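Below: the structure, in structure tokens.
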Amino acid sequence: MTTRTVVLHNEGVPNPNAMKIVLENGVMTDEPYEYTSWTEAEDAPLARKLLMLRYVDRVMLNVNYVTIVKKANTSHWDELLPELRRMVRTHLEENEPIIYVGAEKLKHQKTDDAVIKMVNQLLDKKIRPAAQVDGGDIVFESYENGVLNLSMHGACSGCPYAINTLKQGVEPLLSQMVPEIKSVVAKDNNVPM
């Protein structure tokens, strides 16, 4: 079996229940993939291993990092990180698969609607990169009657600052660039309101 050298570092994010483990010397996936249960992660061996830990609530794999969201009221990160880093490091060093080809990924909805196209372009260029820096992702769900519905993933899901991000950051930017947008709301996926 061929092993590889793996260089990792941790990055804290605004969500106190989330942590990024960054791979400094390689690529893990081409797109973000999020898993919230062991059975859901059948196509993602690394996420499946992490979700087997009693304190892991969700896992998001991205290009060069994995975001781990721990369950509320569990141990402090100082106690959990050694085990998590060891699992990620071993998995990567042993060249085990991250995701099997053909896995379902987070996708934008495809459409011919001009408003939705503009929203997806702005999300991809301005908003998603900022969320991904913090170990999360913000994805288009729907648009109807001036209301834009987004879903929060990774560290953004359950983050105490998520509603502020939407109402004070995302909504003003998008409504300025796309006047048809009157309100931005989060799909009910652990966003505190």
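The values are calculated or read from the model by the stated rules, or taken from the named source; none is laboratory data. In this text the structure is predicted, and so the values were computed from the model without any measurement. Note that we place each Cβ from the backbone using ideal geometry, even for glycine, and neighbour counts take in every protein chain shown. Just so you know, the surface numbers come from the protein's heavy atoms only, side chains and all, with ligands and any DNA or RNA stripped out. Shrake-Rupley method; radii C 1.70, N 1.55, O 1.52, S 1.80 Å.
Numerical summary
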item: Dipole moment magnitude, nearest 20 debye, the chain about Cα centre, only Lys, Arg, Asp, Glu C-beta charged; result: 260
item: Accessible surface, the chain, averaged per residue in Å² (probe 1.4 Å); result: 51
item: Relative contact order [Cα under 8 Å, 6+ residues apart], the chain, whole percent; result: 21
item: MRE, 222 nm, helices only [DSSP H, n ≥ 4, -39500 (n - 2.57), over the chain, to nearest 500]; result: -7000 deg cm²/dmol
item: Rounded to the nearest 10 Å², the accessible area of Tyr55 at probe 1.4 Å; result: 10
item: Prolate/oblate/rounded call for segment 1-61, Cα gyration tensor, a/c under 1.5 rounded; result: oblate
item: Karplus (6.51, -1.76, 1.60) ³J(HN,Hα), θ = phi - 60°, over segment 125-138, in Hz, Gly and Pro reported as x; result: 8, 10, 9, 4, x, 5, 5, 5, 4, 8, x, x, 7, 10
item: Pairs beyond 32 Å (Cα-Cα), from Lys70/Lys187; Lys20/Lys126; Lys49/Lys117; result: Lys49/Lys117
item: Label corresponding to Rg and Dmax of the Cα atoms in Å when calculated from the structure given, among [x] 16.2, 44; [y] 19.0, 66; [z] 17.1, 56; result: [z]
item: Val184 long-range amide H proximity, modeled H, under 5 Å; result: Leu148
item: Options Asn164, Met60, Met152, ranked by Cα towards positive dipole end of the chain, top entry (Cβ charges); result: Asn164
item: Euclidean distance of C-alpha centroids, segment 1-39 and segment 47-87, integer Å; result: 9
item: Thr29 accessible area, assembled protein chains, probe 1.4 Å, Å²; result: 10
